[in-house]
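Sharing a structure with you now.
The values are calculated or read from the model by the stated rules, or taken from the named source; none is laboratory data. If you're wondering where the values come from, they're calculated on a predicted model, not measured in any experiment. Reconstructed Cβ throughout: ideal geometry from the backbone, glycine too, with neighbour counts over all protein chains shown. Just so you know, the surface numbers come from the protein's heavy atoms only, side chains and all, with ligands and any DNA or RNA stripped out. Shrake-Rupley method; radii C 1.70, N 1.55, O 1.52, S 1.80 Å.
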Amino acid sequence: MSTIAERAAIRRRIQAVGLWLATFLLMVIMCLPGLWVVLAAFRPNREILAKPPIWVPQQLTLNNFAKIFGFGSDQVGIPVLAYFTNSMVIAMTSTVIALVIGVGGGYAFARFRFRFKNGLFLGLMLFRAVPGIALSLPIFMLWSRIGLIDAQLGLIIVYVSLNVPFTIWLIDGFFRQIPISLSEAAQVDGCTRWQAFWKIEFPLARSGIAAAGVFAFLTSWNEFALASQLTRTTDSKTLPVGLMDFTAQFTIDWAGMCAMAVIIIVPALILTFLVQKHLISGLTFGGVKG
Amino acid sequence: MASIMLKDVVKSYGKVRAVHGINLEIGHNEFVVLVGPSGCGKSTTLRMIAGLEDISGGEVLIGDRIVNDLPPRKRNISMVFQNYALYPHMSVRDNLGFGLKIAGQKPKVIAERVAEAADILGLSELLDRTPAELSGGQRQRVAMGRAIVRHPDAFLFDEPLSNLDAKLRGQMRAEIKKLHQTVRTTIVYVTHDQIEAMTLADRIVVMRGGHIEQVGTPMQVFNHPVNTFVAGFIGSPPMNQLPGHIEAGQVVLADQSRVPVPPRLAGKVREGQKVILGIRPDDISPQGHGLGMPEDAAQVATLDLRIALAEPLGMESLIYTTIAGQEVQAKLYGPRIVQPGEVLTFQVALARAHLFDAETTRSLEVL
Ligand SMILES: Nc1ncnc2c1ncn2[C@@H]1O[C@H](COP(=O)(O)OP(=O)(O)OP(=O)(O)O)[C@@H](O)[C@H]1O
Ligand SMILES: [Mg+2]
């Protein structure tokens, strides 16, 4: 004889298992391509292309990596290191600039009243709604006039403007959550407004700023469409664009491509892991209201 | 320790005027409470004293300094906010010491003063917690502690108790009173709760619509309200107000029933004058169940009233009845239970009744 409590417990169990299964399936669907890429990066090309397909890898090798970095017997001759440096410099610089502007702008939108505030905010958001690729032609023409084609600076500017609306929007939201009275209390306690910002509001918005930073970095790091238009050589080519080097007219070097894809994925993963502590640091706003 | 003075202080938000040229002198170590209904400009006034709001006109002085153009940090005041505004990312200890640290005090001095404040407020056990780990009352105490460590010239409180439940509010009210006695400092305290005002204040400032209606000790404001607004606002339940006019030394109410003019006001009424008769519920009681009814028969009016509703509160009951067609509240002292529909003989303490001019709403007493 099952009591109501027992039946409720069973129902909860079933629900929990169902939820777990659904999550698992979703993760499988989402992760499988990634997993395949990572696996392929460590397999020889002929195993990847074998027919019928070999599901369980039989041979694991670091050759693909050695190859694209120019070591070992069969060199591919793709300047991965240069691409990597370009990607890093461009993504880092544009992220830092977008964050500085995002923090300043987000704070201003959250705290100050000024003319055309709503219009300006809407404008920023609308600008973000325009697909970047739609701007590629005008940007291309402009950049070629002023000599920013195939320059790191050219991409940095593009990525900053791509990211700023988002960083402002996100950081504005975080500053809005912080009651103004905290800054006021700090000012009564002896701070200048500037000190109150750095000692109170900035630390409290840190998780939001970190999140904005991760998103900005990933956007710049992964961007392909605009970069493929605006870069030409090792001076500015980024990793995603470099990936196309593996496609020759008649062949595609899947193994090398996957190895490079792993190189693209790893820094993004590392960064996300480093910052996730901040993302979920669960800053409780317990100091304000019960 | 300093006095605070407001001279014709005005605050406008664009075209909207929130504070209309108020004048107020707050003495050294005085506990002044600003009360008034929502939106009357209490917080705005307080925030102008704190420097968190620009002053649109007039002057604010703390001590003998005009502080109009000084930022909050240069005014040497502390403020306790309605939402406490504790810094969520700092421990209680750091919250308390923050102001001293900003001021560049030595760690030793900071530790001493924090310990002292924690001791006064019973926070010593909680110093290493973060605000999120505190109860509402404890947060309230930390907010007060943060205010006292700096030994400021004045404390400003903006509805500090309104987020607490009724019981805790009573406790904290007592603690604030105690705090004022311990660390004797000028306090300006904003509330819309007239009980807080009555219990805490040395002087009450009643505000309405950006104006000051009356300033006085709690008893002055309670016993001698200058107009019907103050009469209705201070005291709970509010004063009953019955319209009527003066005829032959008597107040004639709406249903032609007559009540003698309170003897102390006899010389102040004009024949035919339209008035409002104000009587506090405590001054209308069934015979034998009153409190402090005057002995002298001339000071008491007697009338039979039918009870509409009674709310027993233990040793007293709040009674709803009708005088001259208008609902009034009365008080019955003692454990007697009364039933709706019962008719009892009530006594009205005329000695403590008020008369207001119906047109100006001002008390006839002060004219
Ligand atoms: N930033 C502002 N812009 C325009 N009007 C304002 C602003 N701040 C306050 N007011 C107006 O000023 C008046 C006084 O506000 P204030 O906050 O001082 O009221 P209060 O007496 O503290 O009320 P409460 O008891 O609700 O806190 C109100 O009518 C309010 O609408
Ligand atoms: Mg207020």
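Is the shape of the range B:242-357 rounded, prolate or oblate, going by the alpha carbon gyration tensor and its root eigenvalues a ≥ b ≥ c, with a/c under 1.5 for rounded and a/b larger than b/c for prolate?
Judged from the Cα gyration tensor, the range B:242-357 comes out prolate (a/c at least 1.5, a/b above b/c).
In addition: If you take every residue apart from B:TYR320 with its C-beta less than 9 Å away from the C-beta of B:TYR320, what net charge results, scoring Lys and Arg +1 and Asp and Glu -1?
Charge balance in the 9 Å sphere: -2.
Take chain A, connect every pair of alpha-carbon atoms lying under 10 Å apart with a spring to form a Gaussian network, then pick out the residue of A:SER144, A:SER181, A:SER87 with the largest mean-square fluctuation.
It is A:SER181.
Moving to a separate point now. Between A:SER228 and A:SER144, 0.36 nm times their residue separation minus their Cα-Cα distance comes to what?
Value of the extension gain: 28.8 nm.
Mind checking which of B:VAL92, B:VAL183, B:VAL32 has the largest fluctuation in a GNM of chain B, springs on alpha carbons under 10 Å?
B:VAL183
Longest exposed-loop-site-free stretch of chain A, with trypsin sites (Lys or Arg not before Pro), DSSP loop and at most 16 other Cβ within 10 Å?
Counting at most 16 other Cβ atoms within 10 Å as exposed, the longest clean stretch of chain A is A:116-231.
Please report the spacing between the Cα centers of the range A:198-219 and the range A:37-66 in Å, no decimals.
40 Å
If the only charges are +1 at each Lys and Arg Cβ and -1 at each Asp and Glu Cβ, what is the size of the charge dipole of chain B around the Cα centre, to the nearest 20 debye?
Its charge dipole is roughly 1100 debye.
Once Rh is set to the Kirkwood radius over Cα pairs, what Stokes-Einstein translational diffusion coefficient, in µm²/s, holds for chain B at a temperature of 20 °C and a viscosity of 1.002 mPa s?
Roughly 93 µm²/s, to the nearest whole number.
Let me ask you something else. What translational diffusion coefficient, to the nearest whole µm²/s, does the protein assembly as shown have by Stokes-Einstein, given a Kirkwood radius computed over alpha-carbon pairs, a temperature of 10 °C and 1.306 mPa s viscosity?
The estimated diffusion coefficient comes to 50 µm²/s.
Another one. When Lys and Arg each count +1 and Asp and Glu each count -1, what net charge do the other residues less than 11 Å away from B:GLU342, Cβ to Cβ, add up to?
+1
Moving on. How large is the accessible surface per residue of the protein assembly as shown, computed with a 1.4 Å probe and reported in Å² as a whole number?
49 Å²
Considering only C-alpha atoms, what is the centroid distance from the range A:108-147 to the range B:202-276, in Å?
The two parts, judged by their Cα centres, are 64 Å apart.
Ignoring ligands, DNA and RNA, what percent of the accessible area of the range B:4-233 is carbon or sulfur (1.4 Å)?
48 percent
What pairs from B:LYS108/B:LYS178; A:LYS117/B:LYS15; A:LYS199/B:LYS74; A:LYS199/B:LYS106; A:LYS199/A:LYS277; A:LYS199/B:LYS178 go past 23 Å between their alpha carbons?
Where the Cα-Cα span goes over 23 Å, the pairs concerned are B:LYS108/B:LYS178; A:LYS199/B:LYS178.
Where the Cα atoms of the range B:303-360 are projected onto their three principal axes, how long is each span, largest first, in whole Å?
Dimensions of the range B:303-360 along the principal axes of its Cα atoms: 39, 22, 17 Å.
Separate question: Using unit Cβ charges (K, R positive; D, E negative) and no other charged atoms, how large, in debye to the nearest 20, is the dipole of the range A:141-206 about its Cα centre?
80 debye
Moving to a separate point now. Between rounded, prolate and oblate, where does chain A land on the alpha carbon gyration tensor, with a ≥ b ≥ c its root eigenvalues, rounded for a/c under 1.5, else prolate if a/b exceeds b/c?
The shape class here is oblate.
Within chain B, what is the longest stretch that has no trypsin sites (Lys or Arg not before Pro) placed in a DSSP loop and near at most 11 other beta-carbon atoms within 10 Å?
Between the exposed loop sites, the longest stretch runs B:16-269.
Ignoring ligands, DNA and RNA and using a 1.4 Å probe, state the total buried accessible area between B and A in Å², rounded to the nearest 100.
2100 Å²
Can you list the aspartates and glutamates whose alpha carbon is less than 19 Å from that of B:LYS167, not counting same-chain residues fewer than 8 positions off?
Within reach: B:GLU159, B:GLU175, B:ASP193, B:GLU196.
For a quick check of your reading of the filter: which GluC sites (Glu not before Pro) in the range B:307-367 sit in a DSSP loop and have no more than 15 other Cβ atoms within 10 Å?
B:GLU342, B:GLU359
Here's a follow-up. Leaving ligands and nucleic acids out of the surface, order B:PHE222, A:PHE127, A:PHE215 by accessible area at 1.4 Å, largest first.
Largest to smallest exposure gives the sequence A:PHE215, A:PHE127, B:PHE222.
Ignoring ligands, DNA and RNA, how do A:LEU122, A:LEU271 rank by accessible area with a 1.4 Å probe, largest first?
A:LEU122, A:LEU271
Dipole magnitude of the protein assembly as shown about its Cα centre, charges +1 at Lys/Arg Cβ and -1 at Asp/Glu Cβ only, in debye to the nearest 20?
For this selection, approximately 1560 debye.
For the range A:81-207, compute Rg over Rh where Rg is the Cα radius of gyration and Rh is the Kirkwood radius from the inverse mean 1/r over Cα pairs.
A ratio of 1.08.
Work out which residues of the range A:174-193 lose at minimum 20 square angstrom of accessible surface when the other protein chains are put back, relative to the chain isolated, with a 1.4 angstrom probe, and list them by number.
At a threshold of 20 Å² (probe 1.4 Å), the residues of the range A:174-193 that become less exposed are A:SER181, A:LEU182, A:GLU184, A:ALA185, A:GLN187, A:VAL188, A:ASP189, A:GLY190, A:CYS191, A:THR192.
Take the alpha-carbon centre of the range A:148-195, take the same for the range A:232-274, and report the distance between them in whole Å.
31 Å
A further question on this structure: Mind checking which of B:ALA174, B:ALA201, B:ALA349 has the largest fluctuation in a GNM of chain B, springs on alpha carbons under 10 Å?
Looking only at B:ALA174, B:ALA201, B:ALA349, the biggest GNM fluctuation is shown by B:ALA174.
What is the sum of charges, Lys and Arg at +1 and Asp and Glu at -1, for the other residues whose Cβ falls under 12 Å from the Cβ of B:LEU332?
-2
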